[in-house]
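Visitor: Structure incoming, see below.
The values are calculated or read from the model by the stated rules, or taken from the named source; none is laboratory data. Remember, predicted model here, so these are calculated numbers, not experimental data. Neighbour counts run over all protein chains shown; Cβ positions are idealised from the backbone, glycine included. We work out accessible area using only protein heavy atoms, side chains counted, and drop any ligands, DNA or RNA first. Shrake-Rupley method; radii C 1.70, N 1.55, O 1.52, S 1.80 Å.
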Amino acid sequence: MEAQTARAADAVSYLLIESKGNWAGPTAGAFLLDAAALAEAGHRVRVFLVEDGVLSAVGTGVPEIERLAAAGAEILVDDFSAAQRALGATRLSPHVRLAGMDAVAAALAEDGCRGVWH
């Protein structure tokens, strides 16, 4: 029990913002896999998909999204970017939820949250 409490105290909160789609090259998918590795290591991880990054959440069976969800990461999709690309909630992975920039601002305002934009 003490080891679990110590690990929770050492865990860092991350907000990783992805603006590139999976087709943008190997770094787009790698960024999401890095986020999954952080979550698997016990850190609190939130991924915010924005701009073309929202396309990574279309449909089911996207390996990076599946791994993030399995690791317990929270996956947010920018509602404005999704609307600009005519992506309704029914076209998105069941592992994601639509959110606005207010969710990003709130996360970044939390003590100890580390933000990374790609």
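Visitor: Within the accessible area of the chain, what % is carbon and sulfur when the probe is 1.4 Å and the other protein chains stay in place? Before the final figure, lay out each step's value.
Guide: Values: 3490 of 6220 Å².
Summing carbon and sulfur atoms, their accessible area is 56 percent of the total for the chain.
Visitor: Here is a further query. Once fully extended, how much extra length lies between residue 70 and residue 95, figured as 0.36 nm per residue of separation less the alpha-carbon to alpha-carbon distance?
Guide: Values: separation 25, 0.36 × 25 = 9.00 nm, distance 0.93 nm.
Result: 8.1 nm gained on full extension.
Visitor: If we count every other residue with Cβ under 10 angstrom of residue 81's Cβ, Lys/Arg +1 and Asp/Glu -1, where does the sum land?
Guide: Values: positive: 85; negative: 51, 52, 78, 79.
Combined, the nearby Lys, Arg, Asp and Glu give -3.
Visitor: So in the chain, what percent of DSSP beta bridges are antiparallel if you round to the nearest 5? Can you show the working numbers first?
Guide: On the way: 1 of 20 bridges.
So the antiparallel bridges amount to about 5 percent of the total.
Visitor: Starting from the Cα of residue 23, move 7 Å in the Cα-to-Cβ direction to define the label point; list residues of region 52-87 whose amide nitrogen is under 19 Å from there.
Guide: 52-65, 81-87
Visitor: With bins 10 Å wide starting at 0, give me the P(r) of region 50-118 over every alpha carbon pair, in whole percents.
Guide: Result returned by the calculation: 19, 51, 27, 2.
Visitor: I've got another one for you. If you wrap region 9-68's Cα atoms in a convex hull and average its projection over all directions, what's the area in nm²? Provide the component values of the computation, followed by the final result.
Guide: Working: hull surface 15.1 nm².
So the Cα hull casts an average projection of 3.8 nm².
Visitor: Under 8 Å for C-alpha pairs, at least 6 residues apart: give me the relative contact order for region 39-105, rounded to a whole percent.
Guide: On the way: 89 pairs, mean separation 24.9, N = 67.
Once normalised by length, the contact order is 37 percent.
Visitor: Okay, next question. Report the percentage of all Cα-Cα pairs in the chain whose separation exceeds 16 Å, rounded to a whole percent.
Guide: Details: 3985 of 6903 pairs.
The share of Cα pairs beyond 16 Å in the chain comes to 58 percent.
Visitor: Now a separate question. Enter the Cα centre distance for the pair region 41-58 and region 61-111, rounded to the nearest angstrom.
Guide: Taking the Cα centre of region 61-111 as reference, the centre of region 41-58 is 6 Å away.
Visitor: Which whole-number percent gives the relative contact order of the chain, counting Cα pairs below 8 Å spaced six or more residues apart?
Guide: Values: 200 pairs, mean separation 37.7, N = 118.
About 32 percent, as a whole number.
Visitor: Here is a further query. In Å², what does the accessible area per residue of the chain work out to with a 1.4 Å probe? Please report the intermediate quantities before stating the final value.
Guide: Values: 6220 Å² over 118 residues.
That works out to 53 Å² for each residue.
Visitor: Just to check, using Stokes-Einstein with a Kirkwood Rh over alpha carbon pairs, what's the diffusion coefficient of region 35-74 at 25 °C and 0.890 mPa s in µm²/s?
Guide: Details: Rh = 10.4 Å.
The estimated diffusion coefficient comes to 236 µm²/s.
Visitor: Under a crude label model (7 Å from the Cα following the beta-carbon direction), how far is residue 85 from residue 105 in nanometres?
Guide: 2.4 nm
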